[in-house]
1. For residues in the range 211-257 being aromatic (Phe, Trp, Tyr) and either assigned to a helix (DSSP H, G or I) or at pLDDT below 75 (or both), which is surrounded by the fewest Cβ atoms within 10 Å (Cβ to Cβ)?
2. Restricting to the range 133-164, and then to whatever is part of a strand (DSSP E or B) and more than 24 Å from the chain's Cα centre (by Cα), can you tell me which residue is nearest to Arg360 (Cα to Cα)?
3. Could you pull out the residue among Val165, Val154 that is at pLDDT 85 or above and surrounded by 15 or more Cβ atoms within 10 Å (Cβ to Cβ)?
4. Could you please find all residues in the range 74-113 being of a type in the set (Lys, Arg) and assigned to a helix (DSSP H, G or I)?
5. Which pairs have Cβ atoms under 8 Å, sit 6 or more apart or on different chains, and link a residue in the range 112-130 that is closer than 9 Å to Met389 by Cβ to one that is outside any helix (DSSP H, G or I)?
6. Give the range 258-288 a look and list any residue that's free of Cβ contacts under 8 Å to residues at least 24 places away in the same chain and assigned to a helix (DSSP H, G or I), or say none.
7. Just to be sure before I move on: is Ala39 modelled with pLDDT of 75 or more, crowded, with 24+ Cβ neighbours inside 10 Å and over 22 Å from the mean Cα position of the chain (by Cα) in the structure I sent?
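The values are calculated or read from the model by the stated rules, or taken from the named source; none is laboratory data. Keep in mind that this is a model prediction, so the values were computed, not measured. Neighbour counts run over all protein chains shown; Cβ positions are idealised from the backbone, glycine included.
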Amino acid sequence: MSDTVDSSPTSLDQHRGGASAGAQEFLLRRHLGFWSLTAIGFSNIVGSGWLFAAMYSAKIAGPASLLSWIGAGLLCALVAMVMVELGVTRPEDGGTVRWPLYASGRLVGSLVGWSTLLSVGGTAAEISAILGYGAHYLPWLYSGDRLTVPGVAVGMLFAALLTSVNWFAVKVFARFNNLITVVKVAVPIVTVILLLISGFHSGRMTSHGGFAPYGYTACFTALATGGIVYSVNGFQAAVDFSGEAKDPRRTIPAAVIAAIVLAVGLYAALQLTFLFTVPDSFLGHGWSGVNFTSPFGQLALVMNLQWVSMLLYADAVLSPGASANVGVGLNARHTYALGKSGILPRFFMAVHAKSGIPRRALVLNLGIIVLFLLPFGGWQGIVAVMGDMYLITYLTSAVAAAIFRRTDNNMVPAWSRGMPWIAPASFVAAGEFVYWSGWDQLRLVIPLILIGVAVFAIMSRGRSLRAELLKGSWLVTYLVALLILSRLGSFGGTSALPAPLDSCLVAALSLAIFRWALRSGIAHVRTAPADECGIC
């Protein structure tokens, strides 16, 4: 079946020359209401994170990890208001990769697009989590903390299965996801209740080193390296499906807020449950010495809750699988948007006429997932990198919201009147979260992101490189400055800049960069051709 709009000569000519973005957008179906969008957001948030993040966060920060979840919730609230503002005023599939392009030019759009393409690897983390729990019954899937060769093969088959689920109409995808979401809510709630009833240990907030055994700065480190940012990321999924939403101005804000409240509340309850139910015999070396390959499943076995353990091991396939399913559908919209923007070849923009699905984007993403399965084996290693990739999108979306507020005279009314302070606050918070992930992560992540500059140069195709580099130089400067500060700072660096001075410097840098980005973006939107500022 052809992926072009129709077989007319005009349509074929458009496809050969890059296809009509408007025609492809028209093929998307507006079938998603409040419940479907809420289920998409919740299901995208609650994946493998609920199985592992509580343990890794406790290992890093002890009981103070609860503060990390509060911080993550506040970041979600700020970023969600930005995303909702963009989603209701500019509803578009894959909007999180289109809005920075419109607002800040092609260099920023390319860097965000490249980061988004790399973040497709997050689906590999979900698959890795599934196989990690599955190794309880099939030990040949894992060797140590890495997938075996047969394990990688099984992971590839699983990725292909998820792609096939997303291959058909969005209604099929949404109904499948709605059904699984009900189970994803029920199993963690049952786990929390039964583990607390069966193995509650009082005094955990003061014993084994106290509330913050590794200092309060460990709370910041836990945000990224403990998998918290990765776990709470995903609420913007409803926004990325805004091009297929019914009445987006009404349904998107409600769906995003509902997904965040449900998911963060669930994660906080799971963190409390882990802290209060780990037996004292496992804490001989403190919280940092706790090590489970399947945390909640093994805790249930220790408490002789055999049927709960079996339920958990089954849900360890279902929850990450459902989250990965949403991720595959969401990432296809991102890749479709990258093709529509010219950041990727427009070959990947094509939407299948009958199903309304960007199938070529699905195929490309399947290849990326497989590539991430090959070198990475551990869940924590993948999600630490993915968390920073997502934060780059938060940064640039905050800038885009502020720019559009200043320049859009003919768009629909703004959703939030507080955007003039919400956008910079969101930018600063996201910048701090990037910095707090630490030198060990940033020395890998930031160079990976900056490869996007080369991608931009290759895909520019004769455009004015100098002009575009000037428009987007604020983001390159910001990333390089964060890398330098990370090396000198107290989060895995040399501590030449002690805490909290280093975090204060990051906040000051972030505000200065935000003002630079705002000025640059306003000038870009007012002078760029219509098709490059999103008003075509």
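1. Here the residue is Phe220.
2. Tyr142
3. Answer to the selection: Val154.
4. Arg98, Arg106 - these are the residues of the range 74-113 that are of a type in the set (Lys, Arg) and assigned to a helix (DSSP H, G or I).
5. Gly121/Phe376
6. Matches in the range 258-288: Val261, Gly265, Ser281, Phe282.
7. no
Listed here are the residues, each with its yes/no results for (1) in contact with a helix residue (DSSP H, G or I) (Cβ under 7 Å, 6 or more places away or on another chain); (2) at pLDDT below 80; (3) among the polar types (S, T, N, Q); (4) on the phi > 0 side of the Ramachandran plot.
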{"position": "Gly109", "(1), (2), (3), (4)": "yes, no, no, no"}
{"position": "Val112", "(1), (2), (3), (4)": "yes, no, no, no"}
{"position": "Leu118", "(1), (2), (3), (4)": "yes, no, no, no"}
{"position": "Gly121", "(1), (2), (3), (4)": "yes, yes, no, no"}
{"position": "Ile127", "(1), (2), (3), (4)": "yes, no, no, no"}
{"position": "Leu138", "(1), (2), (3), (4)": "no, no, no, no"}
